[in-house]
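Only one structure is covered here, and it is reproduced in the block below.
Every number here is computed from the coordinates shown, using simple stated rules; none is lab data. Remember, predicted model here, so these are calculated numbers, not experimental data. Backbone-built Cβ (ideal geometry, glycine too); neighbour counts: all protein chains shown.
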Amino acid sequence: STDKAVKPTNVMGATKRLAELLIQGYTDNKKLGHITNFCIVRFGNVINSSGSVIPLFLDQIAKGGPVTVTDKKVMRYFMTIPEASSLVLQAGEISTGGEVFILDMGEQIKIYDLAKKIIHLSGRNYVETEGEDGIHILEIGLRPGEKMYEELLISDSNTKTNNQKIFKANESFVESSKLKPIIEQMEECIKNYDVSGILKILSNNVEGFKR
């Protein structure tokens, strides 16, 4: 999953949170004799993965700039691909079904500071004023539904596991019996291209999301 699923402010985050609820609900299927364990692993940005901001910065630097950031104060979590993939596999190994695991991603860092470091590591100079000899960083403003910083916990409560890099969030989940009508409503809205209906389903079933 993603940190954007926590108290989502956009549709992508809301769909991620609904997916978490669906996966947790399927845990009840074990009562029917199913043997598969379902769990969720929630974390933030993975460096150099698809959609990562770093390749964008490198491309902008190669073109002579400017490097664009939404806001100088925006902060995000980051981890490497090997670290993320390893911890996801380890979380699956310790799961007994239905957990939301949180990976320890350290402290959030400012995207603005990250941009400056990448400029310097690329052998270029960062300049505060556009037009000077170097790479300028341009603020373009937050996009609709974008947060200044990300959160990993909904309930602000977590439990340690045997792995010091993996925590278990203490969050309630939807029973499987309540999932079927939600899925049916969503399928019907998708079939009819009913965008307002989809937004209503998300608003009714995802805590904190309103459209």
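A simple charge model with +1 on the Cβ of Lys and Arg, -1 on the Cβ of Asp and Glu and nothing else charged puts the dipole of the range 72-211 at about 100 debye relative to its Cα centre.
In this structure, the amide hydrogen of Glu139, modeled 1.01 Å from its nitrogen in the peptide plane, lies closer than 5 angstrom to those of Val69, counting only residues at least 5 positions away or on a different chain.
Roughly how tilted is helix 179-191, in degrees to the nearest 10 and between 0 and 90, from the longest Cα axis of the chain? Between helix and principal axis, roughly 60 degrees. The fraction of Cα-Cα pairs per 5 angstrom bin, counted from 0 for the range 107-211, comes to 2, 9, 10, 12, 11, 12, 11, 10, 10, 7, 4, 1, 0 percent, rounded to whole percents. Taking the Cα atoms only, what angle lies between the long axis of helix 53-62 and the longest principal axis of the chain, rounded to 10 degrees? Taking Cα atoms only, the helix is inclined about 20 degrees.
Could you pull out which residues in the range 1-30 have an amide N less than 16 Å from a spot 7 Å beyond the Cα of Glu146, following the Cα-Cβ vector? Label zone hits: 4, 9-13. Over all Cα atoms in the range 7-81, the spread is summed up by Rg and Dmax: 18.3, 60 Å.
Taking a straight line from the alpha carbon of Lys73, these lysines sit under 24 Å away, with near neighbours fewer than eight places off in the same chain left out: Lys4, Lys7, Lys110, Lys116, Lys117, Lys147. For the chain, taking Cα atoms only, Rg and Dmax work out to 20.1, 68 Å respectively.
With respect to the chain, whose longest principal axis is taken over its alpha-carbon atoms, helix 195-205 is tilted by about 70°.
A straight chain from Thr159 to Glu175 at 0.36 nm per residue would run longer than the Cα-Cα distance by 3.6 nm.
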